[in-house]
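The values are calculated or read from the model by the stated rules, or taken from the named source; none is laboratory data. These numbers were taken from a predicted model, which means no experiment stands behind them. Cβ coordinates were reconstructed from backbone atoms using ideal geometry, including for glycine residues, and neighbour counts include every protein chain displayed. Just so you know, the surface numbers come from the protein's heavy atoms only, side chains and all, with ligands and any DNA or RNA stripped out. Shrake-Rupley method; radii C 1.70, N 1.55, O 1.52, S 1.80 Å.
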Amino acid sequence: MKVALIGLGSVGRGVATMLAKKDLGLTITGIADSKSGLIEDKGINITKVLANKKKTGMCGDSRITAIDVIKKADYDALIEVTPTNALSGEPATGYIRTALNRKKHVVTSNKGPVALSYKELRALALKKGVAFRYEATVAGAIPIMHVLEHGLAGNEILAIYGVLNGTCNFILTRMADEGLTYEQALMEAREMGYAEADPTYDVQGIDAAIKLVILANTIWGNGVKLADVDRTGIDLLTADALRLAEEEGCTIRLIAEAIPRKKLIRVSPRIIEKTHPLVVEGTLNALTLETDMAKEITLIGRGAGSIETASAIIGDLLFIRDCHVQRP
Ligand code: HSE
C-alpha cells in the first residue's frame, strides 16, 4: 500500500522511522513538513529524508507544500500527523477533506479534526467509499477504537473513566516520586516529546477533554463539543496538595469521565487511592469502560510517545489494507 505522510514532528518521525525499519509493505510516496515536501511515485528513501530533516530542518523541496503532496502524490492512504489546533482544526481538516475527496483513505493522530468535524468527515469518507480512522488520537498506543469497534461490539457502553493525558500523568508521577517541581517535570515532558506543541493543551486539561469528546462522539454519537466538558487542569496544583494526598495513601490523577445517565462529562484532578486501577505511572494511560455485557474493562498502555503513537497509526493502516469493509 502506498502512503503519503503529512507532518514530521515527533509522531511523524516515529511513523517514518518504523516504516523504514519494518518491512510492512507500506511505501511512502509523498511526504511533507511545515516548510517543504517531496513526491516520488516509486517510493521515497525515508532514511535519507530523516537524515536531511535532522540536518536542514526540511524534508524536501521548499517549493512543494503539504497540499501539493495531498493533491498530486500517488497514494492509497493519507497519514495526517500535524499538530492539533483545537479551535479551528485547521489546516488538518482541509488536508483530510482533500484526501477523502480524492477517494483516499485517511489515518490521523490529529485531535482537532476529529473533535470538531467528526460527523462531516465520517460522512464524507462513507460517501467516497474509503476509511477515516483515528486510533492514535486517544490514549496513544492503547487500541481503544478497535476494542470499541470489534471486541466490545454489541455491548452498550454505560460510562468511561480514564487517565487520558500522558504528559499530566508523567508530571504528577515525577512530582510525587522524585520531588520535582511542576516546572521541572513539565520541561522534562516537553524534552521527551510527550507534550503537545502548545503544552497548555496538556496541563489545562484541554487535551484530555478533546479525547473525551472524541470517545463520546465515537461511542454515543451525541455531538458533544469541547465547550460541554467541565474542565480543570493540573496547572494550578501545588506540590503541597500532592504531598498531603500521598500522606493519606492516595495520590492525584487527572481523570476524564463521561457518564451519560448522570449527564456528566468532566476532566479534573482527583484524589484517588494508590491501589485504584486508574493510578498508573509516567506516560501510561488507563481507561475503564463500564458496559452492560462485559461489565468493567480497564485498558492500560503508553499514552504518549513517538513510537507508541506510531503503533496506533500503523495498526490503522494495516487494518485498512487487510480488513476494511464499507460500513454505514
Ligand atoms: N500530549 C499528549 C499526551 C500526546 O501527553 O497525552 C498524546 O495524545
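Compute the distance from the alpha-carbon center of the range 181-216 to that of the range 292-313, in whole Å.
Going from one Cα centre to the other spans 17 Å.
How much length is gained if the chain between E191 and E120 is pulled fully straight, taking 0.36 nm per residue apart and subtracting their Cα-Cα distance, in nm to one decimal?
22.0 nm
Antiparallel versus total DSSP beta bridges in the chain: what percent is that, nearest 5? If you can, show how the numbers build up before the last one.
On the way: 30 of 47 bridges.
About 65 percent, rounded to the nearest 5.
Taking the Cβ-Cβ separation of E40 and H324 as r and a Förster radius of 25 Å, what is the calculated FRET efficiency to the nearest 0.05?
Once rounded, the FRET efficiency stands at 0.45.
Any lysines with Cα under 17 Å of the K54 Cα? List them, leaving off those in the same chain fewer than 8 positions away.
Within the straight-line cut-off, K54 pairs with K35.
Starting from the range 250-319, pick out the trypsin sites (Lys or Arg not before Pro) whose DSSP state is loop and whose Cβ has at most 10 other Cβ atoms within 10 Å.
Answer by residue number: K263, K295.
Longest span of the chain, sites excluded, free of GluC sites (Glu not before Pro) in DSSP loop with at most 16 other C-beta atoms within 10 Å? Spell out each step's value before the answer.
Working: sites that count: E40, E156, E248, E281.
For GluC sites (Glu not before Pro) (loop position, at most 16 other Cβ atoms within 10 Å), the longest site-free span of the chain is 41-155.
Placing +1 at every Lys and Arg Cβ and -1 at every Asp and Glu Cβ, with all other atoms neutral, what dipole size does the chain have around its Cα centre, in debye to the nearest 20?
Details: 40 positive and 39 negative charges, 312 e Å.
Its charge dipole is roughly 1500 debye.
Give me the percent of accessible area attributable to carbon and sulfur for the range 158-249, probe 1.4 angstrom.
About 50 percent, which is the carbon plus sulfur part of the accessible surface.
Can you give me the accessible area per residue for the range 21-82, using a 1.4 Å probe, in Å²?
Here the per-residue accessible area is 55 Å².
Quick one: of the DSSP bridges fully inside the range 1-155, what percent are antiparallel, nearest 5?
Approximately 20 percent, going by the DSSP bridge assignments.
Leaving ligands, DNA and RNA out of it, report the carbon-plus-sulfur percent of the accessible area of the range 79-146 at a 1.4 Å probe.
Working: 1250 of 2330 Å².
Here it works out to 54 percent.
With each run of n ≥ 4 DSSP H residues scored as -39500 (n - 2.57), what mean residue ellipticity at 222 nm is computed for the chain after dividing by its residue count and rounding to the nearest 500 deg cm²/dmol?
Numbers: 11 runs with 127 residues, N = 328.
Calculated mean residue ellipticity at 222 nm is -12000 deg cm²/dmol.
With every protein chain left in place and a probe of 1.4 Å, what is the accessible surface of L186, to the nearest 10 Å²?
The accessible area comes out at roughly 30 Å².
Would you be so kind as to identify which of L289, P260, G249 lies farthest towards the positive end of the dipole of the range 230-299, taking Lys and Arg as +1 and Asp and Glu as -1 on Cβ and the Cα centre as origin?
Selected residue: P260.
Step through the table entries K104/K263; K71/K111; K22/K211; K72/K225; K211/K274, compare each Cα-Cα distance with 26 Å, and write down the pairs that go over it. Intermediate values should be presented prior to the final figure.
On the way: K104/K263 37 Å; K71/K111 22 Å; K22/K211 29 Å; K72/K225 34 Å; K211/K274 24 Å.
Those over the limit are K104/K263; K22/K211; K72/K225.
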